[in-house]
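Worksheet for the structure shown next.
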Amino acid sequence: MAKIIILGAGAMGSAFSLPCSDNNHEIVIVGTHLDSKFIDNINANNNYHPTLNIQLSKKIKFIKDDELSSGQYNSPDLLVIATNSKGLEWCVDKINIIANYNAPPPLLLLTKGLNIHNNNFEVLAQKLERLLITQKFNNINISAVGGPCLASDLANKIHSSVVITNNNLETANWLKSILKNNYYHVFVSSDVIGVEVSAAIKNIFSMIIGSAKGISEKTKNPEDNNIKYLNTSAALFSQSVYEMEIFVSYLKGKKETVKSLAGIGDLYVSAAGGRNSLMGYYLGQGFLYSEVKENQMKNITVEGADLSFEIYELVKENFDIKQIPLMFGMMEAIVKNKNIQIRWDDFS
């Protein structure tokens with residue numbers, strides 16, 4: 001049995017606790033400083049998680065941010081990062097509390113994203129390591145999870161497959177051995193860059209593929225009640241995979257990773273539904289990004305849009321528009337707040 005602390009009480013961190021708990025590990029989930037009322041509500045309702053709409057095992061313990069400082073949670077066997085990318089600094093503060101002698105326990109990133117540092121692309125494992133080094137930590141061992149794993153499916157114990165990546169495959173295989181079970185299927189990879197970049201940029205391409213239905217609605221026969229968009233969606237999917245390969249290869253990840261669970265698998269599940277795909281649908285209908293955020297998706301985080309704002313300028317510096325026309329078109333629609341443009345003639 002392992003002692004596992006999960007930083008972040010949101011949907012994915014809490015869903016991830018299910019296979020951990022079913023494997024008889026000791027689980028503590030820590031809410032951020034913004035989650036005090038949320039944690040109180042979960043504890044008052046016998047571990048009912050309102051976001052996931054399920055009753056979690058009573059073996060899973062939820063605590064508030066300030067309860068972590070009591071000293072009783074030091075030295076876990078595994079520390080899981082399950083906040084959004086903006087919460088990494090908060091996580092480093094918590095690691096300072098948990099770790100002994102400036103040596104953190106093995107870390108596992110559920111968080112997906114891509115960062116810019118010193119005008120260079122930086123995956124979140126690299127960012128987390130950089131932040132820990134500034135805090136004088138050593139013996140840092142960071143793994144990350146990629147692949148098609150929706151929190152709602154995992155929480156209901158639907159068969160889910162993921163890739164755990166670490167430069168050290170011994171650590172990745174150890175994580176596989178303690179996390180896998182009959183519904184949570186774990187594969188390993190040493191391609192940290194490929195897995196993490198795929199996990200991040202697939203959110204942009206999910207918006208692109210999601211736009212197919214909206215685009216088709218504008219051009220359909222008014223006498224036909226059925227919206228026909230699968231041809232469009234398939235073409236956008238194919239080009240998206242091609243552009244993901246270019247982007248991953250440029251950042252020194254392995255091209256073949258894009259054709260694995262971490263790339264195509266994650267892209268498929270994200271494009272089939274979810275926040276990124278929904279944003280793409282509205283943009284395909286002809287709405288501007290600002291209009292969608294003000295009306296249809298006002299308080300909904302859209303990871304692909306956030307990432308577009310983060311990386312757009314550096315992408316422009318490093319890529320020609322004809323290399324990745326779909327990605328450019330979507331990021332321009334978001335960042336420049338203009339109608340989405342599909343450059344069909346530039347497809348490869």
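Might you let me know whether segment 91-106 holds any residue that is among the aromatic types (Phe, Trp, Tyr) and without any contact (Cβ under 8 Å) to a residue 24 or more places away in the chain?
Looking through segment 91-106, at least one residue is among the aromatic types (Phe, Trp, Tyr) and without any contact (Cβ under 8 Å) to a residue 24 or more places away in the chain.
Look at segment 234-251 and say how many of its residues are polar (S, T, N, Q), buried (at least 19 other Cβ atoms within 10 Å of the Cβ) and more than 20 Å from the chain's Cα centre (by Cα).
Step one: list which residues in segment 234-251 are polar (S, T, N, Q), which gives 238-240, 249.
Checking the rest, the ones that are also buried (at least 19 other Cβ atoms within 10 Å of the Cβ) come to 239-240.
From what is left, the residues that are more than 20 Å from the chain's Cα centre (by Cα) are 239.
So the count comes out to 1.
Against the definition (of a type outside the set (Asp, Glu) and either outside the structural domain of Thr111 (by TED's automatic domain parsing) or within 20 Å of Gly113 (Cβ to Cβ) (or both)), how does Leu68 come out, yes or no? Before the answer, list the steps.
Working: of a type outside the set (Asp, Glu): yes; either outside the structural domain of Thr111 (by TED's automatic domain parsing) or within 20 Å of Gly113 (Cβ to Cβ) (or both): no.
Considered against the rule, which asks whether it is of a type outside the set (Asp, Glu) and either outside the structural domain of Thr111 (by TED's automatic domain parsing) or within 20 Å of Gly113 (Cβ to Cβ) (or both), Leu68 comes out as no.
Can you tell me how many residues within segment 252-283 are within 21 Å of Lys213 (Cβ to Cβ) and touching a residue at least 12 places away in the same chain (Cβ under 8 Å)?
Keep residues of segment 252-283 that are within 21 Å of Lys213 (Cβ to Cβ), which gives 264, 266-283.
Those still in the list that are touching a residue at least 12 places away in the same chain (Cβ under 8 Å) too: 264, 266-271, 274-283.
Looking only at that region, the number is 17.
Residue-by-condition table, conditions (1) buried (at least 17 other Cβ atoms within 10 Å of the Cβ); (2) within 24 Å of the chain's Cα centre (by Cα); (3) over 28 Å from Asp153 (Cβ atoms):
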position	(1), (2), (3)
Asn53	no, yes, no
Ile60	yes, yes, no
Gly71	no, no, yes
Val80	yes, yes, no
Gly87	yes, yes, no
Cys91	yes, yes, no
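Looking only at segment 45-54, decide whether some residue is free of Cβ contacts under 8 Å to residues at least 60 places away in the same chain, among the aliphatic types (A, V, I, L, M) and assigned by TED's automatic domain parsing to the domain that holds Asn84.
no
When you scan segment 284-305, do you find a residue that is free of Cβ contacts under 8 Å to residues at least 40 places away in the same chain, surrounded by 14 or more Cβ atoms within 10 Å (Cβ to Cβ), among the aromatic types (Phe, Trp, Tyr) and not in a helix (DSSP H, G or I), even just one?
Yes.
Hey, can you tell me all the residues within segment 311-337 that are in contact with a Leu (Cβ under 7 Å, 6 or more places away or on another chain) and either more than 19 Å from Phe237 (Cα to Cα) or assigned to a loop (DSSP other than H, G, I, E, B) (or both)?
Ile311, Asn337
Just to verify a result, which residue in segment 307-324, among those that are without any contact (Cβ under 8 Å) to a residue 60 or more places away in the chain and crowded, with 16+ Cβ neighbours inside 10 Å, is farthest from Gly274 (Cα to Cα)?
The selected residue is Val315.
From the set of residues in segment 157-173 that are in contact (Cβ under 8 Å) with a residue 60 or more places away in the chain and of a type outside the set (Val, Ile, Thr), which is farthest from Gly146 (Cα to Cα)?
Lys157
Quickly run through segment 12-51 and pick out the residues that are of a type in the set (Gly, Ala, Ser) and surrounded by fewer than 19 Cβ atoms within 10 Å (Cβ to Cβ).
Going through segment 12-51, the residues of a type in the set (Gly, Ala, Ser) turn out to be 13-15, 17, 21, 31, 36, 44.
Listed by number, the residues that qualify are Ser21, Ser36, Ala44.
Which ones in segment 175-201 are assigned to a helix (DSSP H, G or I), touching a residue at least 12 places away in the same chain (Cβ under 8 Å), out of contact with any Pro (no Cβ under 8 Å at 6 or more places or on another chain) and within 20 Å of Ser21 (Cα to Cα)?
First, pick out the residues of segment 175-201 that are assigned to a helix (DSSP H, G or I): 175-179, 192-201.
From what's left, touching a residue at least 12 places away in the same chain (Cβ under 8 Å): 175-176, 178-179, 192-201.
The next check asks that each one be out of contact with any Pro (no Cβ under 8 Å at 6 or more places or on another chain); those that pass are 176, 178, 192-201.
Lys176, Ile178 - these are the residues of segment 175-201 that are assigned to a helix (DSSP H, G or I), touching a residue at least 12 places away in the same chain (Cβ under 8 Å), out of contact with any Pro (no Cβ under 8 Å at 6 or more places or on another chain) and within 20 Å of Ser21 (Cα to Cα).
So how many residues does segment 252-263 have that are in a helix (DSSP H, G or I) and surrounded by fewer than 19 Cβ atoms within 10 Å (Cβ to Cβ)?
So the count comes out to 3.
The values are calculated or read from the model by the stated rules, or taken from the named source; none is laboratory data. All values reported here derive from a predicted model rather than from experimental measurement. Note that we place each Cβ from the backbone using ideal geometry, even for glycine, and neighbour counts take in every protein chain shown.
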